[in-house]
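The values are calculated or read from the model by the stated rules, or taken from the named source; none is laboratory data. Computed from a prediction, not measured in an experiment: that's the story for all the values here. Counting neighbours? That spans all protein chains shown, and the Cβs are built from the backbone with ideal geometry, glycine included.
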Amino acid sequence: MREEPVVGRFAPSPSGRMHLGNAFSALLAWLSVRSAGGRMILRLEDLDTARCKRAYCDQIEEDYRWLGLDWDEGGSAGGPQYYQSNRGAYYRAALDHLDSQGLLYPCFCTRSELHAASAPHLSDGTTRYAGTCRNLTAPEAAEKARLRKPALRVRVPEEEVAFCDGVMGVYREGLAEQCGDFILRRSDGIYAYQLAVVVDDGLMGVNQVVRGRDLLSSTPRQIWLQEKLGLPHPAYYHVPLLYGGDGHRLSKRQRDVDLGALRGAGVPPEAVVGQLACWAGLLEKPEPVTARELISLFSWDKVGREDILVPETVIGR
Ligand code: GLU
């Protein structure tokens, strides 16, 4: 039987300049697709219109190109552009499908109510919903709707979802006790990441997801939604995160290790790619190399599970 071709994706949120951690996951996502002769899609996850800017989208594309990473579909590659902010009709249709299964309910809780009633924080920074609005009657909901626009939540079952991650191994989570009913559309009408990512991966035929391990704990929710929406499950590879010397995960706010700062300091792309490849376990030493030269060296077996501490002196800064 012929195996289906690999379809991967870059799915950046254009809320700032790419940092080394983003570049690390992007390089591995690209190598995994290119070493399998697959197709790469660029999808811009700009649902949070207050934080995302078009200028960042262009910058991200430019940074990928500078790193030597290309893609076949999306953004400026020609054909469909895949900005999530333009894809509301698909998310709406998915919500209708879930609603027809009786899985959705409106939630009128305010931020402070949620905070007061919340269970301890989950590893991804979200809280488990206590279920306050789960069993409102229709008249109760109608009464509340006069005062406040609701968010939409999905009713999760007492079910454990387990999957085998290509890097991190078996991961399991009890949906009800660990995450609880989660939001699919915010009260301001913005669709939630968990919904959009599942719908888009499904519609775009993505069968391989490579991303930071901060999203490992979102995956059981996504796998469960795929089942409810009749969508196939991609293979998942959650890669280690990069940490700065002060013990904080690299973020878009830590400007000193973003690609703009490195490029501004005259660091060539081969030096960045060589350092990322060394951290990934693909090179013994951080020697300058192009992304394309790494294709033949790439194997998931070489990629470790441990997070990476980025030294202050990284790449000659
Ligand atoms: N847009 C998300 C981010 O930039 C990634 C989502 C995903 O890969 O599923 O963190």
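Of note:
- Of residues in region 35-49 being touching a Gly at 6+ places or on another chain (Cβ under 9 Å) and under 20 Å from D301 (Cα atoms), the one nearest to the ligand (Cβ to nearest atom): G38
- Every condition in (1) touching a residue at least 12 places away in the same chain (Cβ under 8 Å); (2) touching a strand residue (DSSP E or B) at 6+ places or on another chain (Cβ under 6 Å); (3) closer than 27 Å to V210 by Cβ holds for D181 except the one numbered (3).
Every residue, every condition in (1) within 23 Å of G264 (Cβ to Cβ); (2) among the aromatic types (F, W, Y), yes or no:
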| position | (1), (2) |
| --- | --- |
| S13 | yes, no |
| G21 | yes, no |
| R39 | no, no |
| L47 | no, no |
| A55 | yes, no |
| W71 | no, yes |
| Y90 | no, yes |
| L103 | no, no |
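For every residue, the table says whether it meets (1) within 16 Å of the ligand (Cβ to nearest atom); (2) surrounded by 21 or more Cβ atoms within 10 Å (Cβ to Cβ).
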| residue | (1), (2) |
| --- | --- |
| Y191 | yes, yes |
| D214 | yes, no |
| Q222 | yes, yes |
| A235 | yes, no |
| L242 | yes, yes |
| G266 | no, no |
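- Residue match in region 234-241 (condition: modelled with pLDDT under 95 and out of contact with any Asp or Glu (no Cβ under 6 Å at 6 or more places or on another chain)): no
- Any chance L203 is at pLDDT 95 or above and either over 24 Å from R128 (Cα atoms) or more than 16 Å from the ligand (Cβ to nearest atom) (or both): yes
- Being free of Cβ contacts under 8 Å to residues at least 24 places away in the same chain, of a type in the set (A, V, I, L, M, F, W, C) and outside any loop (DSSP other than H, G, I, E, B) is a description that does not apply to V197.
- Condition met for L69 (within 16 Å of the ligand (Cβ to nearest atom) and within 21 Å of P240 (Cβ to Cβ)): yes
- Selection of region 43-62 for residues being touching a Ser or Thr at 6+ places or on another chain (Cβ under 9 Å), more than 15 Å from G74 (Cβ to Cβ) and surrounded by fewer than 20 Cβ atoms within 10 Å (Cβ to Cβ) yields D48, T49, R51, K53.
- The number of residues in region 248-288 that are farther than 19 Å from E62 by Cα, at pLDDT 90 or above and part of a loop (DSSP other than H, G, I, E, B) comes to 8.
- Being surrounded by fewer than 19 Cβ atoms within 10 Å (Cβ to Cβ), away from the ligand (no atom under 15 Å from the Cβ), modelled with pLDDT of 90 or more and of a type in the set (K, R) is a description that does not apply to R111.
Conditions (1) farther than 30 Å from G202 by Cα; (2) touching a residue at least 24 places away in the same chain (Cβ under 8 Å); (3) over 18 Å from the mean Cα position of the chain (by Cα), marked per residue:
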position	(1), (2), (3)
Q222	no, yes, no
R263	yes, yes, yes
A280	no, yes, yes
T290	yes, yes, yes
E293	yes, no, yes
D307	no, yes, no
E312	yes, yes, yes
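- Scanning region 1-34 for residues that are more than 13 Å from the ligand (Cβ to nearest atom) and in a loop (DSSP other than H, G, I, E, B) turns up M1, R2, E3, E4, P5, V6.
- For the condition in a loop (DSSP other than H, G, I, E, B) and within 30 Å of R185 (Cβ to Cβ), K228 does not qualify.
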